[in-house]
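This report refers to the structure that appears directly beneath it.
Since every read-out is calculated from the coordinates, none of them should be taken as a lab result. Given the structure is predicted, the values throughout are model-derived calculations rather than measurements. So basically every Cβ, Gly included, is an ideal-geometry build from the backbone, and we count neighbours across all protein chains shown.
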């Protein structure tokens, strides 16, 4: 049985999140160098490329004064409904009893006739909530976005294990699979609406 083909990249997201109910004060939240490992040989029940989170930090000053290491998580890249789902677990440094989860979704093909700017916004905006664990008490909500300079970093971070040619082929396969899935969602929505 051949080894799974994995492609890795890092993503950076930032945005202002506001309190839910009596949650902490509003603050700017940063997800830094979120390491995402995509299994190219698998699909979820919703047809998405499954990925696991393998590192990074989250900064939310109203939860903890410094960066909090990301311990676990998963990502689904483009379901048949045009969604990308994120679930990222993290904890306060030196205070593992203060654990949290960030849940978010990117929504593709929401607009009637998407422009390139709309596609950019939809593929780079993660509508997010942070909950405390284990009770999943909602604390903060708001959109986190990939800035253009961070997207450039994300593209440069794409890599795969193996010989140079095999790794390049795996990265090309990932880019093709992602682009194909996005095109299927956007073109499918456009055809159904016409």
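Laid out as a table, the results:
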quantity	calculated
Residue order, fewest to most beta carbons within 10 Å, for 132, 115	115, 132
Ratio Rg/Rh, restricted to segment 1-61 and using Cα atoms, in which Rh is the Kirkwood radius	1.16
Folded to 0 to 90 degrees: helix 148-157 orientation relative to the chain principal axis, Cα	60 degrees
Candidates 117, 49, 40, ranked by Gaussian network fluctuation over the chain, Cα under 10 Å, top entry	117
Highest-MSF residue in the chain out of 73, 23, 104 [GNM, Cα springs under 10 Å]	23
Mean Cα-pair separation over length for the chain, i.e. relative contact order, pairs under 8 Å, 6 or more apart, %	22 percent
For segment 70-124, the fraction of alpha-carbon pairs in successive 10 Å shells from zero, as %	23, 37, 23, 14, 3
Nearest 10 degrees, 0 to 90: helix 164-193 Cα axis against the chain principal axis	90 degrees
Of 137, 57, 18, the one that fluctuates the most in a GNM where the chain has Cα springs shorter than 10 Å	137
Distance between segment 130-177 and segment 81-126 - C-alpha centres, whole angstrom	11 Å
Hull shadow area, averaged, the chain [alpha-carbon convex hull, nm²]	12.8 nm²
